[in-house]
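The values are calculated or read from the model by the stated rules, or taken from the named source; none is laboratory data. Predicted, not measured: the structure shown is a model, and the values here were computed from it. With ideal geometry, Cβ positions are generated from the backbone for all residues, glycine too; neighbour counts draw on all protein chains shown.
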Amino acid sequence: MAYEYGSSAKGLDFPNPFRVENVFRFIAAAVLIGGGLIAIFQGRSGLYAHIGGWALAPILVGVAMLAAGIQHAAVGLSRLRFFFGRGKPAGLAGELADAQLGELAGAVALKSTIRGGAISVAEPTGALNGLLYSLVRPLIWAPQRIQWVAQRLFRTGLTLAVVLLGLLVSLLGVLGEKDMVWLGLFFFIYAAALLLKPLESGDQASTHLGSAGLIVLVLVAILAPVLIHSISSALPNLGGVDLSGQALLLLVCALASVLVFFVAVLRQMAAPPQTTMACELATISMNAPPNQILVELDREMQRNWIEQIPNRRYARYVPQTPGDNGTFHGELLEETQPMPRDDMRTVSFSHALAEPRYRWLTVLSALGVLYTVIGSIALLLFTHQVTMGEIAPALWKYVCFAGGMFSLALFCLRAGHVLWARFDFVSRMTWVEIDGTFQRSHTAVGAQFTDRVRTEKDIVSVNDMTLRVWVAEVDSVTFGSESERRIVGLRGLIDRASALRQQLENFASDQSSVDMPTSRRDVEKIAALGAMNQLAGRPVAPEALLKALDGAASSSASASSIAPKPPAFCHACGTATSLGARFCASCGKALRNS
């Protein structure tokens, strides 16, 4: 993502949130790369020993482990640095360009949230979700992504529990050794698929287990031994590779991992969010176009930019006043640059173990590394047996067991990343809305026949305009730099709303409906007009008229450039004296500067 750095933008500099996760990634990468190199050297020894095609098995295993280790290292290196630049995170709605008017997608829902002072949540549906939300009542207040993950884990855990129960029931009904082998292989592959399938679609995936799915699982658990027994005669012999014990172990470890992950998800939840909104209402009358309110509001918004970063603008309507009278509407909805919450600025092992929100995530990542070590040991045992020449079909148990452990490790590391990627932000939302009616009129100041200087102006009069001001501090959360951001809390800022309302009221009351000369050239022109007015009605030679204009211009210039002489004071009694006086009117003493 784009990153912009400024020497004054210190608030955007905070530690890498993936720091703890990267440590476990690099440990797993080191284990796999080291195991892969050992397996390749063992394969080379097998080639020297002339054990035939089996010598390629350790080399292939080593290459696979080496590739997996490099992949883990690449993921860790890609998250080694984290930059939080401008434009990140995503806006709460579609953002308008500087000169763009209107509102984009999501602005209506955002304004509804602000106006109502309440956060809308999707109502969970389905029997399993009903059970989940009755057991974990605070889950309804969790961010939507956390709810999706919790729903997926709950369904995955139930599925694994039913499959484990089905395996136990099926083992009681197995009639022969061949049936046992194929039954164990079936449940082993199914358990591994349950772990890997939800990860393919990211953190929003689920197993979609409903009533029909539970019935199917129960029927499979009861009828699988009978079905396998009926077709086992046509199935090939697997050479005694019985995976029923490994399937049982894989299911137990998977349930334990899902339980740890579910606890980590529950620790992401907080108390029910605070949802209050500060709203100020005022009635304003002014003799100026109503869009001047938005001009002053734009200036105030820029004064309050965070780290000199422009606000996110979600809605902007400029009041239009065509014709002699009518109605108008204007509004501005902006959000300051979201800043990381204070507790996001400390990321370390000690903090992760002490903070409940990260403690179970650390445990889950540690489990991923543990499963990686166990799987690597199983593969190295396989390559060692092959290198020693002890080649038998039963050796494939090591490969299958390693595959199950690696699927568990991948589940723990990838699922945990969903929660490590959570970011909490704080920003300030401001929404100002004006509505009213206008009437256009013409005013003139000064008598038409007697005053030498008159002013006329077309003005727009606004009477009893409604001004609404909403200001709140917004808590928002996102999972990843590119994912959408959702509001999880609103805290009304009544002081800021009141101050902004008062500022706009004062600005409206200070608007002038009379044009007055303000520049030096205006004063010179008025003086020239006065000189011409004095000569009006009398026959004047052109030379006299030019002399009068020069005198008016020089007098106006000297009046504007020469500072007035300060008043004089008597040196004896200190009484102020008149300009040009020679004696003090109080004591009669002669003045020194007379």
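The table that follows gives values for the structure above.
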quantity	calculated
Residues of the stretch 463-485 satisfying the condition of being of a type in the set (Gly, Ala, Ser), part of a strand (DSSP E or B) and more than 13 Å from residue 279 (Cα to Cα)	476
Qualifying residue in the stretch 307-326 (condition: outside any loop (DSSP other than H, G, I, E, B) and closer than 20 Å to residue 491 by Cβ)	yes
Hits in the stretch 291-312 (condition: farther than 12 Å from residue 432 by Cβ and not β-branched (Val, Ile, Thr))	291, 292, 299, 302, 303, 304, 305, 307, 308, 310, 311, 312
Residue satisfying condition, being out of contact with any strand residue (DSSP E or B) (no Cβ under 9 Å at 6 or more places or on another chain), modelled with pLDDT of 85 or more and farther than 25 Å from residue 413 by Cβ, within set 97, 109, 64	109
Residue count, the stretch 382-441 (criterion: at pLDDT 85 or above, in contact with a strand residue (DSSP E or B) (Cβ under 7 Å, 6 or more places away or on another chain) and among the aliphatic types (A, V, I, L, M))	4
Members of the stretch 251-274 that are more than 22 Å from residue 372 (Cα to Cα) and buried (at least 19 other Cβ atoms within 10 Å of the Cβ)	265, 268
Which numbered condition residue 303 misses (of (1) surrounded by fewer than 20 Cβ atoms within 10 Å (Cβ to Cβ); (2) in contact (Cβ under 8 Å) with a residue 12 or more places away in the chain; (3) under 24 Å from the mean Cα position of the chain (by Cα); (4) on the phi < 0 side of the Ramachandran plot)	(2)
Leading residue by the ranking (modelled with the lowest pLDDT) among those in the stretch 223-282 that are assigned to a helix (DSSP H, G or I) and touching a Cys at 6+ places or on another chain (Cβ under 9 Å)	246
Subset of the stretch 442-462 that is at pLDDT below 75 and in a strand (DSSP E or B) - its residue that is nearest to the chain's Cα centre (by Cα)	458
Lone qualifier among 146, 119, 140, 114 - being of a type in the set (A, V, I, L, M, F, W, C) and outside any helix (DSSP H, G or I)	119
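Here is a yes/no grid of residues against (1) of a type in the set (A, V, I, L, M); (2) more than 19 Å from the chain's Cα centre (by Cα); (3) closer than 23 Å to residue 417 by Cα:
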{"position": "76", "(1), (2), (3)": "no, yes, yes"}
{"position": "91", "(1), (2), (3)": "no, no, yes"}
{"position": "98", "(1), (2), (3)": "no, yes, no"}
{"position": "108", "(1), (2), (3)": "yes, no, no"}
{"position": "115", "(1), (2), (3)": "no, yes, no"}
{"position": "123", "(1), (2), (3)": "no, yes, no"}
{"position": "148", "(1), (2), (3)": "no, no, yes"}
